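Here the structure comes first, spelled out in structure tokens, and everything after it is commentary.
The values are calculated or read from the model by the stated rules, or taken from the named source; none is laboratory data. All figures in this text were calculated on a predicted structure; none of them were measured in a lab. Cβ coordinates were reconstructed from backbone atoms using ideal geometry, including for glycine residues, and neighbour counts include every protein chain displayed.
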Amino acid sequence: MNEVKLVKKAKRGDKEAFEQLLVLHKDQLYRTAFLYVRNREDALDVVQETAFRSYLAITTLQEEKFFVTWLTKILIRCAYDSLKKRKNDVPLEKVTPILSKLDKRSDEGMDLANATNKLEQKYRDVIVLFHYHDLSIKEVAKVLDLPENTVKTYLQRGRKQLRTILEGAHLYEGKSL
Amino acid sequence: MKENLYKDQYDKIDVPEDELVRSIQSGIDQADGKRSFKRQRNIKRSIVSTAAAVVLSATFLSSNVSNALADVPVIGEAYHVFNDMVGRNLTSQQLVTELDEKSSGKGLDVMMTSAYYDGAVIGVSFKVVGDVKEDEFREVNGFYEIYGGNEAISDSKEIVPLEKSGDDYIGQIQLAYPGKELPANTSFPLEFKRIGEKEGSWKFDVPVEQLPYEEVELDQVRSNEQADVAVQFNSIIEGQASTAINYTGTFPLEGKHDQVRLEVVDENGEQVNVSRDGIDLETSQENDHIVVKGRSIIPENLKERTDYIEIQPKVALSGVEDQFIHLSEKLPIKIESTRQDHVISVNDMKVDGEKVTLDFQINNGRNDRYFEFYEDMARNEVLLVKESRKDIYEEPLKHTVKVLDKEKLSFRSTFDVSKLKGFNENNYVVRVSLGTLSSNLPVELEPVKIELN
């Protein structure tokens with residue numbers, strides 16, 4: 001069944017269709033959550049919260065073809081909420097144990113997650129949506145309520161920042177990725 | 001096709017498939033529970049819901065708004081909202097006990113609504129009714145103490161987030177029973193000292209009754225001679241929805257704060273989530289060693305998932321003293337930790353009136369972690385300090401860190417000394433702190449295999 005049909009069913013309250021949709025996009029949801037929160041447990045929580053909020057709000061989705069865009073917007077908001085909560089709740093001494101629990105297998109992802117996390121928020125959102133979610137400039141603009149030209153500018157600056165962080169400015173100066 | 005510079009790395013982020021699907025399902029179930037509940041409500045409720053739906057469509061989301069869709073507490077709701085895996089599982093098995101205990105003050109009624117006691121894990125859910133004051137972030141937290149805030153008990157003073165549920169707020173607390181022996185029926189003292197922005201005292205003695213469990217005796221020891229540590233696995237407690245691992249850690253006196261951390265995988269090599277690690281139950285001294293009885297909690301019953309588990313014990317070493325290098329010292333010099341193979345080798349050092357330049361390598365280039373961890377180490381743990389103030393942790397001297405060789409973990413730090421009054425080679429030293437390496441790169445002991453059935 002194509003995705004638009006699933007979205008239509010989900011909007012009519014079909015729980016299974018909604019679940020199918022989310023499972024279809026689960027890897028992307030998890031990886032994006034991981035980029036923001038940088039650990040497995042919180043990333044899973046963010047996905048769960050996204051499922052919760054999006055299921056309650058699915059009837060408000062206007063155009064079926066924008067389902068993923070709409071879902072991503074919810075996910076990003078959940079990720080920021082999780083980060084905000086962590087900032088308020090987690091005593092400093094608990095941060096080290098959390099880091100130590102990170103799965104070694106996630107280390108490659110960690111580099112990217114750490115680097116993405118160091119970007120200014122406005123650049124981070126644009127980079128995540130454009131590069132990882134493969135949205136067009138137009139779609140990114142729609143999700144973030146920004147003019148398209150601003151998205152382009154943020155994208156350029158964000159990429160430059162990310163490149164610097166990821167590869168180490170000293171070693172890779174002048175080398176284009 | 002759009003160029004995609006970073007997609008490859010993104011795709012390498014490991015996805016925990018099964019857990020992810022479970023998270024999605026429980027998010028939907030949780031929302032579905034509220035929704036069907038909403039449908040049963042009367043007209044007044046549906047007006048509120050419509051208003052809420054309008055807000056939802058405008059902002060797409062807000063957990064407070066979505067929670068407002070269901071304002072009557074359902075047993076176990078808090079366990080879902082706060083993702084307490086044990087509580088959620090027990091709720092679905094109807095093994096959570098309903099409670100009706102109330103404590104009032106400062107215009108707030110705090111009510112214990114349910115509790116469970118599974119193996120070594122205790123959980124309670126509660127509700128706050130009344131005039132709750134939000135904080136500046138428009139959030140509500142509570143501060144509580146259990147067992148009178150006894151310092152010897154892990155997490156005996158904690159902050160807990162509350163979520164709005166209808167007109168009230170709900171919350172959940174999970175604790176590991178702090179004693180070696182697990183009594184069948186017990187109660188634990190709980191006092192809230194602040195709720196939202198209101199300070200006060202809301203006291204309870206929460207009764208809990210233990211669910212049936214199995215305890216399997218173990219006797220396996222893993223040790224490391226250089227670090228002088230040993231971890232003995234004593235028993236495993238298999239509850240209805242949780243598993244507890246009891247062990248005894250033995251450390252030298254200088255490592256009295258050493259920490260046991262367990263990593264667990266199932267028969268398929270899939271990671272098992274250890275939700276509470278290194279709970280200290282009892283500490284004693286035997287001859288020249290510290291003996292710690294400890295416990296770790298896994299928030300699921302593992303029997304259905306796997307026939308055995310493999311535990312990789314790790315010990316994060318403590319008491320690692322800073323070491324110092326004089327600027328006139330002969331190079332190269334290696335700063336090593338005595339109980340572990342951590343080493344920072346300083347290969348070159350240049351001192352002039354303007355700056356001090358240090359070339360150094362971390363752990364001989366052994367790369368156990370993501371690179372930025374070492375970069376942070378290089379920036380923060382190898383510092384030029386005034387000898388008379390070398391034990392005081394002040395804001396570091398201004399310095400830059402250049403990556404000389406990413407693969408080899410080689411760095412160059414350059415400290416600006418041009419503005420330092422009276423700087424000379426004799427009154428400044430390089431402080432090398434290996435403690436951060438030790439707490440983040442623990443000693444890894446041989447894995448232990450434990451049959452569950």
Query raised in the report: What's the number of the condition B:Asp280 fails, among (1) surrounded by fewer than 16 Cβ atoms within 10 Å (Cβ to Cβ); (2) acidic (Asp, Glu); (3) in contact (Cβ under 8 Å) with a residue 40 or more places away in the chain?
Result: (1)
Query raised in the report: Among B:Gln323, B:Gln312, which is within 29 Å of B:Thr248 (Cα to Cα), of a type outside the set (Ser, Thr, Tyr) and in contact (Cβ under 8 Å) with a residue 60 or more places away in the chain?
Result: B:Gln312
Query raised in the report: Which residues, counting only those in segment B:104-135, are farther than 16 Å from B:Ile159 by Cα, free of Cβ contacts under 8 Å to residues at least 60 places away in the same chain and within 26 Å of the chain's Cα centre (by Cα)?
Result: B:Ser114
**Report entry** Subset tally (residues that are out of contact with any Gly (no Cβ under 9 Å at 6 or more places or on another chain) and either among the aromatic types (Phe, Trp, Tyr) or outside the structural domain of B:Arg339 (by TED's automatic domain parsing) (or both)) for segment B:420-429
**Finding:** 1
Query raised in the report: Of all residues in segment B:380-400, which are without any contact (Cβ under 8 Å) to a residue 40 or more places away in the chain and under 25 Å from the mean Cα position of the chain (by Cα)?
Result: none
Query - Residue that is farther than 28 Å from B:Tyr213 by Cβ and aliphatic (A, V, I, L, M), where the choices are B:Val96, B:Val110 - result: B:Val110
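Quick grid of which residues meet (1) in the same structural domain as B:Glu98 (by TED's automatic domain parsing); (2) among the aliphatic types (A, V, I, L, M); (3) closer than 21 Å to B:Tyr147 by Cβ; (4) in a loop (DSSP other than H, G, I, E, B):
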residue	(1), (2), (3), (4)
B:Ser201	yes, no, yes, no
B:Leu218	no, yes, no, no
B:Arg222	no, no, no, no
B:Ala230	no, yes, no, no
B:Asn234	no, no, no, no
B:Leu262	no, yes, no, no
B:Gly269	no, no, no, yes
B:Ser284	no, no, yes, no
B:Val291	no, yes, no, no
Query - Looking only at segment A:57-74, and only at residues there that are within 9 Å of chain B (Cβ to nearest Cβ) and assigned to a helix (DSSP H, G or I), the one that is surrounded by the fewest Cβ atoms within 10 Å (Cβ to Cβ) - result: A:Thr59
**Report entry** segment B:285-310, subset under 15 Å from B:Val274 (Cα atoms) and touching a Ser or Thr at 6+ places or on another chain (Cβ under 8 Å), residue surrounded by the most Cβ atoms within 10 Å (Cβ to Cβ)
**Finding:** B:Ile298
Query - Flag if A:Arg159 is buried (at least 18 other Cβ atoms within 10 Å of the Cβ) and either modelled with pLDDT of 70 or more or assigned to a helix (DSSP H, G or I) (or both) - result: yes
Report summary line: (1) at pLDDT 80 or above; (2) buried (at least 18 other Cβ atoms within 10 Å of the Cβ) all hold for A:Leu135 apart from (1)
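One line per residue, one yes/no per condition, for (1) assigned to a helix (DSSP H, G or I); (2) at pLDDT below 90; (3) more than 19 Å from A:His133 (Cβ to Cβ); (4) at the interface with another protein chain (Cβ under 7 Å from one of its Cβ atoms):
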site: A:Gln20; (1), (2), (3), (4): yes, no, yes, no
site: A:Tyr30; (1), (2), (3), (4): yes, no, no, yes
site: A:Phe34; (1), (2), (3), (4): yes, yes, no, yes
site: A:Tyr55; (1), (2), (3), (4): yes, no, yes, yes
Report task. Using the structure shown, decide if B:Tyr213 is modelled with pLDDT of 95 or more and within 30 Å of B:Gly149 (Cα to Cα). Result -> no
Requested in this report: Identify the single condition in (1) part of a strand (DSSP E or B); (2) surrounded by fewer than 20 Cβ atoms within 10 Å (Cβ to Cβ); (3) more than 23 Å from the chain's Cα centre (by Cα) that B:Thr248 does not satisfy, given that it satisfies every other one.
Outcome: (3)
**Report entry** A:Asp45 vs. criteria surrounded by fewer than 18 Cβ atoms within 10 Å (Cβ to Cβ), facing chain B (nearest Cβ under 7 Å) and out of contact with any Leu (no Cβ under 7 Å at 6 or more places or on another chain)
**Finding:** no
Query raised in the report: Of all residues in segment B:416-453, how many are outside any loop (DSSP other than H, G, I, E, B) and closer than 27 Å to B:Glu336 by Cβ?
Result: 13
